[in-house]
Structure formats: C-alpha cells, structure tokens
Amino acid sequence: MSENSIVQNPYENLKIVDGHAVKNPEDYQDPEQLYKVLVERIRKYHPSEDLSLIEKAYTIAKDAHEGQFRKSGEPYIIHPISVGIILAELEMDKETIAAGILHDVVEDTVMSSEEIAAIFGTEVALLVEGVTKIGQLSYSKDKDKLEMQAETLRKMFLAMSKDIRVILIKLADRLHNMRTAQFWPPHKQKEKAQETMDIYAPIAQRLGISKIKTELDDLALKYSQPEVFYDLINQLNARKTERDEFVQQIVAEVSKHMKNGGIDAVVYGRVKHFFSIYKKMVNQNKTVDQVYDLFAIRIIVKTVKDCYAALGVIHEMYTPIPGRFKDYIAMPKPNMYQSLHTTLMGPSGQPFEIQIRTEEMHKTAEYGIAAHWKYKESGGSAKNVQTRAEEKLTWLRQILEWQQDSDNREFMSLLKGDLDLFAEDVYCFTPNGDVKNLPNGSTPIDFAYAIHSAVGNKMVGARVNNKLVPIDYKIQNGDRIEILTSQNSKGPSRDWLNVVKSTQAKNKINQWFKKEFKEENIVRGKEMLSAYCKAKGLVLSDILKPKYQQVVQKKYGFRDWEAVLAALGHGGLKEGQIANRLQEEYNKDHKEAITDETILERVSEASRNTVHVTKSKSGIVVKGIDDMAVRFSRCCNPVPGDEIVGFVTRGRGMSIHRTDCVNIIHLSESERARLIPAEWEQSDEKGNGLYMAEIKMYAHDRQGMLMEISKIFTENKIDVKNMNVRTSKKGTATVEMGFIVHSREELTKIIEKLHQLEGVIDIERAVG
C-alpha cells in the first residue's frame, strides 16, 4: 500500500526528504483558483500594482486552449498557469510570466506571433516565438534522429543567446511536464527523463538555478531509474527518525554558538536531494550507508564578514575533515554560486556538511541567473540586465562557437560531454593568481586551452607549483600552473585528444587540425567523392548541383560545400553518405525523365533477343541490343563462364550480374520485369578481356600464410588489386581479395591452388 501511495503522489516523499526542491503547487483542478495562486505569488515580490498584462495573457490563453485537455484529463490551461507559477517562484518579470502563460498558444492554436505582438508588445512576442521555435526536442539514441535532435538544440542555444529568458520559460515548461509525467506511457517517461538528465537539468545547473535543477534531477531519476529512486526513498526514510534527531541536535548547538558569538544567523538542516546522493554513489562507487554527507546544515548570515566569522566558530566547535573545505565566496563557481562548504566530524563520529552564505548568495544559489533579472520598475532595461548576466555565461558563448564550427554529430558529442551531470570540477590558478575551473581529471593541456587557444596550440610543456610535469599530469585542487610555449611549436598532437578531459580543449584541438589541413582535406574530399562516384557508376557532374549540395549541407549542419569536402577529407563523413544523398536528390528531380514505361518497353524489345556480352581491349561488346550503355556490376564481378543476366537500370543503362548475385536474388517482382537474358559471346581471341574477380577465404591464422598466398598469385602472373585480412579472437583469419583474371577457368585454377594451402577452411566468391 505504501508503494502505491508513493506512485500516486510522487511529491509527498520529495517534501519529506528534500527541503529545498521547488514545491509542487497545490493540486487545484480549477484554473481560476490556480490563477489566484499565480497572482498572489507575483504580488509577493513585484512592486507594481498593475497586473493587467498577466490577466490579459491568462484570458487569451484560456480562450485559445478552450476544449483542449492534458493526458491527465484536466483542462490544458492548467499547464500554462503552472508554468507561470514556476516563473513567479523565480521572481521573473511580468513579460516573462506572460510569455510563459502564452508559450503554447502559437504552437497549439490558431493565434499567430503577429497577433501576440499587437496585443502584448514585441518583447513578449519574441519570447513566445523563441520558445515555440525550440519545438519538441525528441531525445533518441536512434542515429536517424540525431540530426533532428542536433538541429533542435542548435535552435535552443541560438534562442538563448538572443534572450536568456527563453530558456527559463522552457525549463519551467519542462519542470511542470515532468511533475505530471505519471500520465505518460512508460517508454515516453524514460525518453523524457533521459532528455531532462542530458540537456535540461545541466542547463539549469549552468544557469545556477538550483530551485529548478534539483527537482528536475530527482524527477529524471524517478522516471529513468524508478527502482533506484524508490530504493533510495526507502533507505533514507528507514533511518529518518534518528537522522532528524541528529540534524535537530546539530542545528540547536550551532544556533546557540552563533548567538553566543554575536552573529545574527538563520540555521536549518536539510537532506541532500536524491540525485546528488545517487551521483556520489556512482562516482565514488559507494552504497547509501557509505555516503556520509547525506545532509547539510545551512547557515544564512547578513554579511560576507559574518560568513568567515561563522566558519571560525564552527571549526572551534567541531573537528573539520582535512581537504573538505571549499571557499566558493573567494572563488565563485562559473554559474555565480557562492558559499563556504566545510565537512566536519559530528559529536557521535558522524560526518556532516555545513554551508555558510549571505542572504544575497542564497538567493543567487536558488535562483541563479533569474536572481539578476529584476523587473524593469527597479530601473534599467531588461536588455542591460541581460547583458550583465550574460557576461558571466562564458559557456554559452563557447557553445555558440561550436555551433559554427562543428557538424551535427560532433556538436552533439561536444554538448553531451560539456553538460555532463556526473562530472566534478577542480580549481587551479594561473601565475597571476586567476582562478580556472576545469573538469576533474584535467591536464595542463586543458588548462592551456582554457587560457587561450593560441597558448594551447604553442604549448611545449608545463610547470605545476614550479616543478616540470608531463603533459598528462592530473591537475589537483589549488595547483598553480605555468604553461611553457614556443614559437617553433608545430601545433598540437593528435594524441592530445586522448589525454584532454575538457570539451573546450577537444574542440579547439579539432578546430586546429581542421583549419591547418583544410586545403588538403578539401582536395582529398574531392578525390574521395570522385573515386566513389566512378566506382559506383554515378555521374558526378549531374549530382553535384548547388540545389542538391544545399540539402546535404543542411542535413549534416555545414555552412558551405567546402566544409563538407573538408569533413570527408579528415574522416568526419563517409563519401558514400554524401554521394548517395546527392543521388537521391537528383533522382527526385529526374523521375519523369525516364519513366518505368519507357524502361519496360526497352526491356521487352531487348528481351526478344538474348544479349551477348564480351569484353575486348576496346571495351564491352553487346550483341542483340542497341543504344544502351552496358557495365559489369561491381557487387558480384562476373567473369566469362559464369551464368549471367542483364538488369536495365533507371538512367544508367544495363548492368551485367551473376545469376547467384544477392542483389538479383532479392529483387522485387516489379523489378524482375527489368531482367534480360544474357550470355557470354564466344570470342575467337582466347582470353582477350580482363575481368575483376573477388573471393573470400577463411583459414586458421598462422605465420607465413600471407606470403604463401602472395606466392601463388606471383607464380601464376595474376595481378592482385586489393587484399584485406581480419583475424577473429578465435584465431580464424578472413582474407578478402580482388584480382584480375581472363576467364572462369583461370579463376577456378587459382581457387584450387589456394585450397591446397595448410589451414584453409573454405573459399567463396563474392556474391554482392
């Protein structure tokens, strides 16, 4: 029964265990009642009496969503109002809350952006448009959806760069959706939870909004790994009574000593949220019992001076654990978070954490960037506030840089790496005393690129605390690092990519290689594409039209065609991907040029006669058919003596296949109509033609095998064009060979000789 009650009301335990997550608004079914809650929340912090903008937004949204219902069965308007309440809890300006209420109006109803601008002004309209454009981000591990996901994320970060409030509305939207996720089917719960954990919670963390971040974390864990979540609840609730007693004891003792020390402080205790406990368990490979700082005592004081005074009192009362003190006041986190953290030994030998901060710091910790976004009435425009706030968001600028320089696949991997919730940070110093914040496990190379890409590219060594260290040295908290550079340096090594930890460094190294060898890569890319088209019988001049190129550029997220060629050259893309996509686009335009009727007409004409095929020095000779280009297929490489058949293709003439070719065996009924009987022409000139043959040989791997194979080919004066060898873990070698023969008899003779080698299991011809 208790298990069911948890499922029914997921927030009940959240409230018990975690004192600082955003609370779920009371479950009002009546929109009017919920709207009153919203107005009350806004009035708590907003000095203006005029809430007509909010009222107008509510009225329009209510009318627009009339007759629409959520999965839970409640009126749809409940969702936009709830989003508005979350934004009001963050103390956002009226424009943002109005946009939050209207965020689904353009997408789900008939109302346009122009109408919103006319009623609410351009600011609200741009915010609504920004949220709408982000669209429905569908998280999937399916590679086909990767492109779509990358494009969506690109849009999101571009929208953020224009106005950071767009993402705040999106976070509020996601939070309310996750709160009501129990009405989704299980697969959707998992999908949305994964997406929340990968993208939204890390963004909330980067913006410093712990109020939203902690609840998103916990809800994502609840739906992505329910068994872990409920196990944590049960384990934490099992010892709840004794833990509460311990926390109350500490709070009482600390409060008393603060008072005696003349420090005006508010002291309270809280259990850390589930995801942070789970993260510690994963990172440190511990059970719940072994994670000692399950809860934290928080001391809120008036001034920075009081913070350090309170710390002195605390360290007098309890024994601090060495290496567990962090001063985020002197060295704030990149998301503007400030606090003093210290871990102490409790009276009963139980370690616990104390956080000390001012009221202002507490507000910044809870609301993050939203704390800096005060309503316009307080003076200064929203734009100025945004500019000041964004100065601190260097990571957003980085992401926007990646967008310009990376294809979709690379952008996604950089983003996932950068937004890793499980990553921890280390702090180190430049020789001038500036603080740099890097992922745990970073090296001097990461540090060099964190200063500037030019420093990283010219780096030749590093000193840590005045001692020379290897470049793969793992940076420790508090290290003072000096980078040694040289103008003679030829640039980074590719091996560095395996050493660096930070996403920023990886990206900058990759960019250097791309830029440095761009010209070479473009030339190589052109050659590779040309060679592929030649091999597959594609006409490069036909498919390489600007119209088709643009489709490919868009699909893979490149700015111009040269970038696509460069990506081919350095191995980021495969030539087959590009050529086939270009051919697809070409075929769409040229469907009409050669209709099926035309082809089948020609087939029926041709099939009255058997096609006679031979090959001389002058090329392929075909008897029995006029005016049709003929080629030997590369999938099965027929040679004289093989049973063959002709296949009339769309626009590329006829291809000759072996009858046992897999591509012929698996033809559909409609395509079988394109087959034409074919046979080899009896030529007077014995063995005049040269034919490519491909075989696959399976053998027990042993020393000298390749040499013996080569000897057979040399002795028989056979020209080997390609050879590929793979060996399995079980010791079986697979040798794929392509070579030139004059006839089937010659091919059979070679295969017989290869069969005689020691350890050969089987030999077969390639059949497509």
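Taken together, the values in this text are just the output of simple stated rules run on the coordinates, not laboratory data. Because the structure is a prediction, the values reported are computed rather than measured. With ideal geometry, Cβ positions are generated from the backbone for all residues, glycine too; neighbour counts draw on all protein chains shown.
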For region 161-236 and region 701-731, what is the centre-to-centre distance using only Cα atoms, to the nearest Å?
56
³J(HN,Hα) across region 56-61 via Karplus (A = 6.51, B = -1.76, C = 1.60, θ = phi - 60°), whole Hz, x for Gly/Pro?
4, 4, 4, 4, 5, 4
Can you sort 196, 342 so the residue with the fewest Cβ neighbours within 10 Å comes first?
342, 196
Fewest to most Cβ atoms within 10 Å: 267, 282, 469 sort as 282, 469, 267
Ranking request for peptides 347-356, 81-90: highest mean number of other beta-carbon atoms within 10 Å first, then the rest in descending order.
81-90, 347-356
Rounded if a/c is under 1.5, else prolate if a/b beats b/c, else oblate: with a ≥ b ≥ c from the C-alpha gyration tensor eigenvalues square-rooted, which is region 691-765?
prolate
Taking θ as phi - 60°, what are the ³J(HN,Hα) couplings along region 264-276 by the Karplus curve (6.51, -1.76, 1.60), each to the nearest whole Hz, with x for Gly and Pro?
7, 9, 9, 10, 8, x, 8, 7, 5, 6, 3, 5, 5
Pull up all non-local amide H partners of residue 440: gap of 5 or more, or a different chain, and H-to-H distance under 5 Å with H placed in the peptide plane.
424, 425, 426
Within region 632-670, DSSP-loop trypsin sites (Lys or Arg not before Pro) with at most 15 other C-beta atoms within 10 Å are 634, 650, 652
Whole-Hz couplings from phi, Karplus 6.51/-1.76/1.60, listed for region 753-767; x for Gly and Pro
5, 5, 4, 6, 5, 5, x, 6, 8, 7, 9, 9, 8, 5, 10
Centroid-to-centroid separation of region 54-109 and region 321-350 [C-alpha atoms, Å]
40
Here, trypsin sites (Lys or Arg not before Pro) of region 451-497 satisfying both criteria (DSSP loop; at most 10 other Cβ within 10 Å) are 490, 494
Using only the Cα atoms of region 518-589, build the gyration tensor, take square roots of its eigenvalues as a ≥ b ≥ c, and label the shape rounded, prolate or oblate: rounded if a/c is under 1.5, else prolate if a/b is larger than b/c, else oblate.
oblate
Placed amide H near residue 654: partners under 5 Å, 5+ positions off or other chain:
629, 630, 631, 649
For 670, 72, order by how many other beta-carbon atoms lie within 10 Å, fewest first
670, 72
Pairwise centroid distance, computed over Cα atoms, of region 496-521 with region 639-668, Å
45
Which Cα, out of 246, 310, 265, lies furthest along the positive dipole direction of region 239-372 (beta carbon charges, K/R +1, D/E -1)?
246
Hey, got a sec? Which GluC sites (Glu not before Pro) in region 30-65 land in a DSSP loop and have at most 14 other Cβ atoms within 10 Å?
49
In debye, nearest 20: dipole of region 691-765 around its Cα centre with unit charges on the Cβ of K, R (+) and D, E (-)?
200
Once a ≥ b ≥ c are taken as the square roots of the eigenvalues of the Cα gyration tensor of region 465-582, is the result rounded (a/c under 1.5), prolate (a/b larger than b/c) or oblate (a/b not larger than b/c)?
prolate
